[in-house]
Structures are given as C-alpha cells and as structure tokens.
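Before any comments, here is the structure.
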Amino acid sequence: RTTMKSLRFISAEAFVSNAEFARKSLGAVAHDLFPLLFKASYLLEQGEVIHDLVENWPLFDFNMGKLLGATLDYQEDLSHRTCSVCLESCLTGLRDYVLNQSSPYMKKLKMVDLTGIKDVEVQFCKCKKTMGRWARTQLLSKLCSELLVYLQQAQCNPGTSEISINVLIDLFVTERNYELVVQALLKKCSCPLKICCVAFRSDNLTLQKFFYIIKLTDPSLLRKLEIVHNVHLEMEHVEMLFNSIHFPLLMSLTLPARTFNVRRFTATDEQMLTNIGEKMGEMSQLTELSMSFSVLTGRIQRLLSPLKTPLKMLDVSNCSLNHADMAFLASSIHANHLEALDLSGHDIPELYPSTFFKLLNHCSSVLRSLTLEDCNIQDTHVNMLILSLSPCQKLQEFKFIGNPLSSQALKHLFTFLCELPMLKNVEFPVPRDCYPIGITYPIDDASLCRFDHQKYERVAEELNLILLQANREDVKASTPLFGSYDAAVQETNNELGAYLIKSFKETLEKFTTSFNKMS
C-alpha cells in the first residue's frame, strides 16, 4: 500500500537525498521547513542530514511523535521505525546542538519529547538495525555524561551554560545500564540536557538499586511504572514504595509476578494489602493496572474498591481469582470502562460463566483488547463465547492461545469474528486435533511444539480463507506459541538469559553444598 505524498514532501525528499548538498544548504532553509525535511530524511534514512537538522534546530520544541506521525504532506506514521541510524543521528545531533557555537540560528529549543517512538516487531528501515528503549536510555545517558565532561574541560561559549532543554523519555533500566543512568540523573542539574522520565521500566535489578534510582527519576513526573521479571518486589516492598514516594501523575502500574500471595497471609498481611489499596486510591490518574501471576484469591475487592478513577486496563492473568472476585469485577465501577482485559489462566467456563458474561456485557461498548489464554475454553463453550463477544463491536484484539479447541470449533469461531468490524489482531491456539491423542491442558513447554505442523498449516490456511472470503484481509491471525512479541524482553533477552543461568547455577551450588553436608 503506497501512501500519497504532497509535492512539498517529494521536493523535501529530493533535497535531502543529496546529503552533501542538503547539509551545506541548511543555513538558507526557512525555519518552518525543518519538520518537513526531518521526516523526509527519516524516511530515506539520511543519518548525516538528520544530525545536522537537529544540531541546528530553530524551533522551541522537538517532538518525535508529532514529527514522524501522520502529516498533511505525508500521511504515513513513521514513529514505529526505531531505525538505529536515524535515532543515533538524532541524539548525537541533540548533543551537538548544545556544543555548536557557530550555528546561524538562535538557540530556542526548550523541549525534546522522545516518548512518541513505538517499538514494534517488524521494522521497515533499510538498515534493519533497531534502537530499542533500553538502547535509547543507554545512549542518552552516555551523551549527557559526555556533554558534562566536555563542558568542564573546554572553554565554551558563556551562552552554552545557559542552555536548558527538558528531554522527555521512557527510561528502561537493568543491571547493565544502571550505573550510567544513575550518573546522568545525579548530574541532571548541571547538564544542559535534562532527562525527564515520563515512563520507567526496571528489570534485573536488586531492590536496593531499584529504590535508589526510582527516587532519582523525579516520581512526581512519572506516568507509567513497570517493575517486571527479575526485580524481587514483594507486598511489603510495594507498601514501602507507596509510603515513601508520591506518584501524583501515575496512570499505569505493572507489578512483577508473585508480588502478592494470599495463601501465606497473616493478619498483618491483610492490613498491608488494605494499605496498598488505599495508597492506589490516592493515585487519582491511575487507569491501568497489571498484577499477573500473583495469588489474589478473594482479595480483588480489597485492592480495587478504593480506586476513585475507573480502570481502563486490567491484567489479572493467572491470579487464581474466585467467584467473589469475578462478581466484584462485573459489578464494579471499572466494568463499564475496561478497554483492555486479561483474564488468562482462569477456568472461566467452569468457575464463573454467567459472571464473565455479565462483565463482558458491561464493558462491551469500550472493550478493545481481550486476552483469554489457557482458560479451558473447549468446543462446547464456543457458542457461549460467541454470545459473550457479540456486543463487543469495538474489539480490535482477541488472544486465546492455549485453549483446547478443535479445528472445526476454530472455523466456527472465525466465521463469527469476521463480523466484528474493528478487529485487527487474533492470536489463536494450535487446534487440539493437531496434537497427539491424550494431550493434557495447559500444555507444558516440552510438549508445546510436538504437534502435526502440516495439519496446523492446512487449518491456518482455512482460517485465513474464512477471513479472505469475508473481505477481512485487515485482520492478522497468528499462533505465537511462546506468547506475544514484547519489544523490551526481546531487546534485553541476552542479559535476562545470563541472569537466569547465573541464578540456576547458584541454586544448584547451594543444593550441592547442602547435599554434601547431609552426606
């Protein structure tokens, strides 16, 4: 699909395609053409031109999301192109904007917003090399530190010290880039480029380091906080976090697996849970909450009832919810506002079919994303599922891998899914009849790939044909066996893998030592 370009944009492409000529001629370019030239350079991956455009940026703000988003001159949104060449040129250009003393333009730049960059699985840039969120965090921190060293050593123009540019960014910190980011945040006051953290994701960090760096980020500005995987945060640490730090603008909160486990609760723990619920209730902007793989049986009301703002996104996958939890969700203030809901890992047809039906009915007018993975949905439940989904006319994404459905049941379901007008993405399971007879669900990782691949391909073709015959080529249907694409995990999987191997080795050594002592 080709996107129409205006004559202005075609001219801009022609101008920047000759990098040497474009760089020499920038001094004669009108200020209001810089955004147009930037997008044209980004599309053509003209790194040197991008660098010089940013180094000489004549406007008050530089907003990546707006610059790369759909414009009148070129409708295509380029903000999902995390091209390494382009982004590195951007950030080094920003550093050189501060250092460039001979720029013909007055330095007006006050605000840089890098938060509009979207990390996606498929990249269309020619270089095929991406710069993800972790690498952007790393490079910006490194450039801030280098800038400070240079300013301390060199005799700079007195005006350089007066430059103050707020750089809005989504930080992603792990053990590997922790020291660099800490140094950049500690010296923020004296650096012309001031890192303003809008969203913060931490993985593979000790609790001590997490608590230290989260205070450095200026939590009063934070809109999104993700604490994932290898940060061993438990309930008492969450209470400590909320008691010691105020998050007035926080809109989205993700807590790591096993943060809560009600099976081990004492009276003190019950009080702690109540306190956490009350603290979340004070976060008046909070509309997205993810607490997957915690044990929250019978405690959802305690946690969510203090919230004064209805949630738009809720992930309680694999949280061992009981009927009381589902009944609360179905009748709570959140039910009518949920745009994204993940109830994976719950036996919905067996435990609470009517309550689930009620919940979906309440959120049907706004629901955009529904995830029901490993929910024991079988062939006999498909009609009930269709009935539940029928009112959800705004549904864009439906994920239900890991359910024991036959190829015949999937065809029946797909015929219905064609009728949902906004649907764009479907993740469906490998049909049960592709696995050996007697396979048990949920399927363990070792057996996950042991299915008849040829038969699966035939069924997948038939399902796509159903979409095609209904003129629904806009719907992408796939079976990601090991879960949906996660840009952050993908970018840091080497570090996480090394951490897991190290943890396994340490556990094995402790076991061997204990065994030897016993012997």
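The values are calculated or read from the model by the stated rules, or taken from the named source; none is laboratory data. Here the structure is a predicted model, which is why all the values come from computation and not from measurement. Neighbour counts run over all protein chains shown; Cβ positions are idealised from the backbone, glycine included. Protein only, heavy atoms only, side chains kept; ligands, DNA and RNA dropped before computing areas. Shrake-Rupley method; radii C 1.70, N 1.55, O 1.52, S 1.80 Å.
Brief remarks follow.
- With a Förster radius of 56 Å applied to the beta-carbon distance between Ile333 and Asp379, the computed FRET efficiency rounds to 0.95.
- The largest accessible area among Lys128, Lys188 belongs to the first residue in Lys128, Lys188, and the rest follow in falling order (1.4 Å probe, all chains).
- Convex hull of the chain built on C-alpha atoms - directionally averaged projected area, nm²: 29.6
- A simple charge model with +1 on the Cβ of Lys and Arg, -1 on the Cβ of Asp and Glu and nothing else charged puts the dipole of the chain at about 820 debye relative to its Cα centre.
- Relative contact order (%) - the range 224-289, alpha-carbon pairs under 8 angstrom, separation at least six: 47
- Coarse-grained scattering of the range 7-131 at q = 0.09 Å⁻¹, given as base-10 log I(q)/I(0) from a Debye sum over alpha-carbon atoms: -0.22
- Among Val489, Val430, the sequence by solvent-accessible area, most first, with a 1.4 Å probe is Val489, Val430.
- Using heavy atoms of the protein chains and a probe of 1.4 Å, the accessible area assigned to Cys127 is about 50 Å².
- Cα gyration tensor, the range 219-502 - rounded (a/c under 1.5), prolate or oblate: prolate
- Kirkwood Rh and Cα Rg combined as Rg over Rh, evaluated for the range 181-288: 0.99
- Checked against a 29 Å cut-off, the cross-linked pairs Lys66/Lys358; Lys194/Lys394; Lys24/Lys66; Lys424/Lys455; Lys128/Lys215 give Cα-Cα distances beyond that limit for Lys66/Lys358; Lys194/Lys394; Lys128/Lys215.
- Gain upon complete extension [Thr415, Ser17; 0.36 nm per residue less C-alpha separation]: 138.5 nm
- Label-point separation in nm, Ile10 to Arg450, each point 7 Å along Cα→Cβ: 6.1
- Counting only residues at least eight positions apart within a chain, or on another chain, the lysines with an alpha carbon under 21 Å from that of Lys308 are Lys224, Lys279.
- Between Asn464 and Ile386, residue separation times 0.36 nm minus the direct Cα-Cα distance comes to 26.2 nm.
- Unit Cα scatterers, Debye sum, the range 410-496: log10 I(q)/I(0) for q = 0.11, 0.14, 0.16, 0.24 Å⁻¹: -0.40, -0.62, -0.77, -1.16
- Cα centroid separation, the range 335-367 to the range 421-453 (Å): 23
- With contacts taken as Cα pairs under 8 Å and at least 6 residues apart, the chain reaches a relative contact order of 7 percent.
- Normalised Debye scattering of the range 338-396 at q = 0.22, 0.26, 0.28 Å⁻¹ gives log10 I(q)/I(0) of -0.86, -1.19, -1.34, counting only Cα atoms as equal scatterers and leaving out solvent.
- Dipole magnitude for the range 219-502: computed about the Cα centre from +1 point charges on Lys and Arg Cβ and -1 point charges on Asp and Glu Cβ, it is near 440 debye.
- Rg over Rh, two decimals, the range 356-434 (C-alpha only, Kirkwood Rh): 0.93
- Cβ-based charge dipole, the chain, positive-most Cα from Thr174, Ala487, Val426: Thr174
- Taking the range 7-131 and dividing mean pair separation by its residue count, relative contact order in percent (alpha carbons under 8 Å, at least six apart): 30
- Rounded to 5, percent antiparallel among DSSP beta bridges of the chain: 5
- Residues in the chain average 47 Å² of solvent-accessible surface per residue, probe 1.4 Å, ligands and nucleic acids excluded.
- Lys, Arg +1 and Asp, Glu -1 on Cβ, resulting dipole of the range 243-292 about Cα centre, debye, nearest 20: 220
- Cross-link reach is defined here as a Cα-Cα straight distance under 21 Å, omitting same-chain residues fewer than 8 places apart; for Lys129 the lysines meeting it are Lys39, Lys118, Lys142.
- Per-residue ellipticity at 222 nm computed for the chain from its helices equals -13000 deg cm²/dmol, with DSSP H segments shorter than 4 residues left out and the rest contributing -39,500 (n - 2.57).
- Taking 0.36 nm per residue of separation and subtracting the Cα-Cα distance, full extension of the segment from Phe211 to His323 would add 36.7 nm.
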